[in-house]
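The values are calculated or read from the model by the stated rules, or taken from the named source; none is laboratory data. Remember, predicted model here, so these are calculated numbers, not experimental data. Using ideal geometry, Cβ is built from the backbone for each residue, glycine included, and neighbour counts are taken over all protein chains shown. Note: accessible area is taken over every heavy atom of the protein model, side chains too, but ligands, DNA and RNA are not part of it. Shrake-Rupley method; radii C 1.70, N 1.55, O 1.52, S 1.80 Å.
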Amino acid sequence: MDLTLKIWRQENARAKGKFVTYQVTDISPDSSFLEMLDVLNQQIIDKLEKPVCFDHDCREGICGACGLYINGRPHGPDSAVTTCQLHMRKFKDGDTIVIEPWRAKPFPIIKDLVADRIAFDKIIHAGGYISVNTGGVPDANAIPIPRNLAEISMDAAACIGCGACVAACKNASAMLFVAAKVSQFAVLPQGKVEASERVKAMVAKMDELGFGSCTNTGACEAECPKEISLSHIARLNREFYTAKIC
Amino acid sequence: MSNIFTSSIGKKLMMALLGIFLVLFLLVHLGVNLLILMDSRQAFNVAAHFMAHNIVIKVFEIFLFGGFILHIFYGLILQVKNWLSRPIGYNKTNNSQTSFFSKFMIHTAVIIFIFLTIHMIDFYFKSKFTNAVEIVNYNGKEYHDLAALVLQKFKMPAFVIGYILSFVFMSFHLLHGFQSAFQTLGINHKVYTPIIKKIGIICTLIITVGFTIIPLYVYFFK
Ligand code: HEM
Ligand code: SF4
Ligand code: FES
């Protein structure tokens, strides 16, 4: 496949960025999007220029490091996949692909396509944990948990913190991420102990960091590579009201 | 509790509760307005008089004004914060799948606001604070002949078109807003949410069609 790439290049956080157009040729439809960018970068390095920076780590859809805004959609045209799991066969020979970094005030650009997502870590630090003593492995069945609650918790825990929900949202809202991180504990007995403090602290941090509010548009759910459901946002709202009012 | 409304979720809670309240008010308002289609102007005038003078409704009116003002106030605060959350936008506009009208809540809201302002000046302030509205007598009691004013306004093509367009935009606001309010309230359920969505569409249709047939009927048949 031969492709035209329009890529956002920005030297550092303070520099003014711009789009630069590149041509790549002979891309295999079976390669991943990031492998296509590897080919491009090799081409750029061969010319003794600076390669395009982008985040990635596992390249198997489980770490949440990768994330590019491709032709107007976070993680590109496929659904329920991360950028690293996006295949070039989703594009056509001769296509022009516009590649941008996540855009949100709490996600400043570090370089090129790399956005700083430390804001998510700050939200987790605010309350996205349970306080238990570490030690020997506990008995798996010491605390009985109904199957349906285990399912809800596991679905929420699938969130890899990639930030596509923020990138997709017209308000740059982090509600889907926070909802997943609150929900995974909220339904379990282990999470109930700190439930009230957790949701209050995480929502306050989310607001403070400058994420927008939720208009219930659903763009986050549509783009989430882990298909985190909007029902978790409803649960987050319930948890929040309960914590604030009770 | 005290600081719930300083949070983004608390503000949305307020908007959602008031939004549903405003929908209920619109349905009642529609009920009164439909009386204008009757042959005599008396029924409408008496109902309008009741709405303006009954003590319970006067108290309700305070809540209604407060409701509008707070819904607008929080709507604007959230909207401004939402715009500030992405100071540098994308080159390619987002084409993720969304609830379509959710993208235009602020735009439809501005049109509703303009309509509301004109509406209040035309009907509310004129009868409350000026002598512009004629007085009629039914059984020895004096009433504002608001019906005559309405009938006169609905004979003006520009007014009719503006009025109907406002309700088309109102329907856009509600097509997303109604079901969104329940999600905001924390209600998201496999069985009930699809029902809520249907009720939202039905309420929106009743309001839009109801408020639209009145000027059309007056314009063509009265
Ligand atoms: C001048 C008038 C109005 C303004 C400025 C306004 C503004 C807004 C805005 C900006 C939103 C989106 C908030 C968000 O999700 O971020 C909204 C939502 C909503 N509006 Fe309005 N609105 C107005 C009038 C109305 C009226 C007349 C009704 C009902 C009859 C209404 C019902 C709703 C509902 C139900 C929602 C959804 C609340 C939620 O998502 O939780 N609005 N409004
Ligand atoms: S909710 Fe989905 S889109 Fe948002 S950070 Fe988690 S995995 Fe990524
Ligand atoms: S690189 Fe780990 S999810 Fe894509």
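Observations on the structure shown:
- Filtering A:164, A:156 for residues that are within 23 Å of residue A:5 (Cα to Cα) and in the same structural domain as residue A:188 (by TED's automatic domain parsing) leaves a single hit, A:164.
- Only one of the numbered conditions (1) among the basic types (Lys, Arg); (2) open to solvent by less than 70 Å² (accessible area, probe 1.4 Å); (3) more than 23 Å from residue A:172 (Cβ to Cβ) is not met by residue B:86, and that is (3).
- The one condition from (1) part of a helix (DSSP H, G or I); (2) within 16 Å of ligand 3 (Cβ to nearest atom); (3) away from every other protein chain (no Cβ under 13 Å) that residue A:167 does not meet is (3).
- Only a single item in (1) away from ligand 3 (no atom under 16 Å from the Cβ); (2) touching a Pro at 6+ places or on another chain (Cβ under 9 Å) is not met by residue A:64, and it is number (1).
- Residue match in the stretch A:131-148 (condition: within 14 Å of another protein chain (Cβ to nearest Cβ) and in contact with an Asp or Glu (Cβ under 6 Å, 6 or more places away or on another chain)): no
- Meets criteria (over 25 Å from residue A:120 (Cα atoms), more than 16 Å from ligand 1 (Cβ to nearest atom) and within 14 Å of chain B (Cβ to nearest Cβ)) for residue A:46: no
- Selected residue (only one of A:139, A:112, A:155 is farther than 18 Å from residue A:193 by Cβ, crowded, with 20+ Cβ neighbours inside 10 Å and among the acidic types (Asp, Glu)): A:112
- Top-ranked residue of the stretch A:194-231 - restricted to ones that are out of contact with any Asp or Glu (no Cβ under 8 Å at 6 or more places or on another chain) and of a type in the set (Asp, Glu), ranked as least open to solvent (accessible area, probe 1.4 Å): A:223
- Complete set of residues in the stretch A:49-101 that are closer than 23 Å to residue A:111 by Cα, within 14 Å of chain B (Cβ to nearest Cβ) and assigned to a loop (DSSP other than H, G, I, E, B): A:67, A:68, A:71, A:72, A:75, A:76, A:101
- Residues that are open to solvent by 70 Å² or more (accessible area, probe 1.4 Å) and farther than 25 Å from residue B:116 by Cβ, drawn from the stretch B:26-41: B:38, B:39
- Qualifying residue in the stretch B:109-128 (condition: surrounded by 15 or more Cβ atoms within 10 Å (Cβ to Cβ), within 14 Å of chain A (Cβ to nearest Cβ) and not hydroxyl-bearing (Ser, Thr, Tyr)): yes
- Tally, over the stretch B:8-56, of residues that are assigned to a helix (DSSP H, G or I), without any contact (Cβ under 8 Å) to a residue 12 or more places away in the chain and away from chain A (no Cβ under 14 Å): 9
- Test: residue A:27 is more than 14 Å from chain B (Cβ to nearest Cβ), assigned to a loop (DSSP other than H, G, I, E, B), more than 20 Å from the chain's Cα centre (by Cα) and touching a residue at least 60 places away in the same chain (Cβ under 8 Å): yes
- Check on residue A:236, within 25 Å of residue A:70 (Cα to Cα) and within 16 Å of ligand 1 (Cβ to nearest atom): no
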